[in-house]
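Notes follow the structure.
The values are calculated or read from the model by the stated rules, or taken from the named source; none is laboratory data. A quick note: this is a predicted structure, and the numbers were derived from the prediction, not measured. FYI the Cβ positions are ideal-geometry reconstructions off the backbone, even for glycines, and counts take in every protein chain you see.
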Amino acid sequence: MNIFHSCERAAELMSQALDEPLDLADQMRLRIHLKMCRNCQEVEQQMATLHILAPQLGLFDLDKNDDPDPPMAKTD
């Protein structure tokens, strides 16, 4: 078994870690990979941010329009 993970495997583990605990071996391999890979560090931060913000997306009513006249229909 390889001690280091590929970036693809690291991304899978980062996603998995948001939902359930990783076993000790995968935790250690992921931490080592993240220490060496700046791209995966950024992906980890992005995933964590999305994990926090995703539940809030349902709070926005994007179809709601407070203005009864669409912008193109207004006349001066």
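Values computed for the structure shown
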quantity	calculated
Of residues in the range 1-57 being assigned to a helix (DSSP H, G or I) and of a type in the set (Asp, Glu), the one modelled with the highest pLDDT	GLU42
Long-range neighbours under 6 Å by Cβ, at least six apart or interchain, first residue closer than 19 Å to HIS51 by Cβ within the range 20-35, second polar (S, T, N, Q)	LEU34/GLN41
